[in-house]
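Down below is the structure, laid out as structure tokens.
The values are calculated or read from the model by the stated rules, or taken from the named source; none is laboratory data. These figures come from a predicted structure and were not determined experimentally. Here the Cβ is made from the backbone with ideal geometry for all residues, glycine too, and neighbour counts use every protein chain on show.
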Amino acid sequence: MPAQSRRLVIDASVASAAGETLQSRQCREFLRAVLKICHRIVLTPTLTVEWNEHQSQFARTWRAEMLSLGKVVNIEESPNERVRNQVPKRKAVQKDLHVVEAAIATDNVVISLDDRAHADFRVEATANITWVNALAEGGHAIYWLKKGAKPVKRWKLGYRA
């Protein structure tokens, strides 16, 4: 039985890291799994610009394949005042707000390598977002994709050990 299709907000940090080096292998494998499985990528105008500026050649080709398969979901920016009022006001946090806002507007999933942003966005308004670091989780993240990319308690921004 195929996995249920989920809309994934994949940060440009993953697109950038999916180059041709050995260290980039996990990001490439993760993106290949998204392509093979029924999941889709969410892009806002801001995310599209970031991908265009930072994506590796592999990620560029991958995104073109996703587009040709109809697996790209373009949405408008979705400002969320509740989130904006709770996160730190630092410039670095503010510039990444669009990522969590896109996740909230879709299926509450962010794929990012940015552990600093992960920590900054751990506020009540984002508690239901599943935040996956494709490098740190490696094969677990691909297994998660294959099993339907359902929320994992320990990967949620609201999880406290």
Quiz item: Here is a list of conditions, (1) of a type outside the set (A, V, I, L, M, F, W, C); (2) in contact with a strand residue (DSSP E or B) (Cβ under 6 Å, 6 or more places away or on another chain); (3) crowded, with 19+ Cβ neighbours inside 10 Å, and Asp96 meets all of them except one; can you say which number that is?
Solution: (2)
Practice problem: Please enumerate the residues belonging to region 25-69 that are more than 14 Å from the chain's Cα centre (by Cα), farther than 18 Å from Leu135 by Cα and surrounded by 15 or more Cβ atoms within 10 Å (Cβ to Cβ). | Solution: Ile37, Cys38, Met66
Exercise. Report, ordered by the first and then the second residue, all pairs with beta carbons closer than 7 Å, sequence separation of six or more or different chains, a first member in region 124-151 that is in contact (Cβ under 8 Å) with a residue 24 or more places away in the chain, and a second member that is among the hydroxyl-bearing types (Ser, Thr, Tyr).
Key: Trp131/Ser112; Pro151/Thr130
Practice problem: Return the total of residues in region 12-48 being farther than 20 Å from Ala136 by Cα, out of contact with any Asp or Glu (no Cβ under 7 Å at 6 or more places or on another chain) and part of a helix (DSSP H, G or I). | Solution: 3
Quiz prompt | Cβ-Cβ under 7 Å pairs, at least 6 apart or on other chains, region 18-40 side touching a residue at least 12 places away in the same chain (Cβ under 8 Å) and over 18 Å from Lys146 (Cβ atoms), far side aliphatic (A, V, I, L, M) and in a loop (DSSP other than H, G, I, E, B) | solution = Ser24/Ala18
Quiz item: Being within 17 Å of the chain's Cα centre (by Cα), acidic (Asp, Glu) and not in a loop (DSSP other than H, G, I, E, B), is that true of even one residue in region 119-134?
Solution: yes
Self-check item: In region 92-118, the residues that are of a type outside the set (Asp, Glu), farther than 20 Å from Ala17 by Cα and outside any helix (DSSP H, G or I)
Solution: Thr106, Asn108
Practice problem: Report yes if Ala127 is touching a His at 6+ places or on another chain (Cβ under 8 Å) and either modelled with pLDDT of 95 or more or surrounded by 22 or more Cβ atoms within 10 Å (Cβ to Cβ) (or both), otherwise no. | Solution: no
Quiz item: Leu157 fails exactly one of the following numbered conditions: (1) touching a residue at least 60 places away in the same chain (Cβ under 8 Å); (2) out of contact with any Asp or Glu (no Cβ under 7 Å at 6 or more places or on another chain); (3) buried (at least 19 other Cβ atoms within 10 Å of the Cβ). What is the number of that condition?
Solution: (1)
Quiz item: Which one of these does Glu50 not meet: (1) under 27 Å from Gln94 (Cβ atoms); (2) among the acidic types (Asp, Glu); (3) modelled with pLDDT under 95?
Solution: (3)
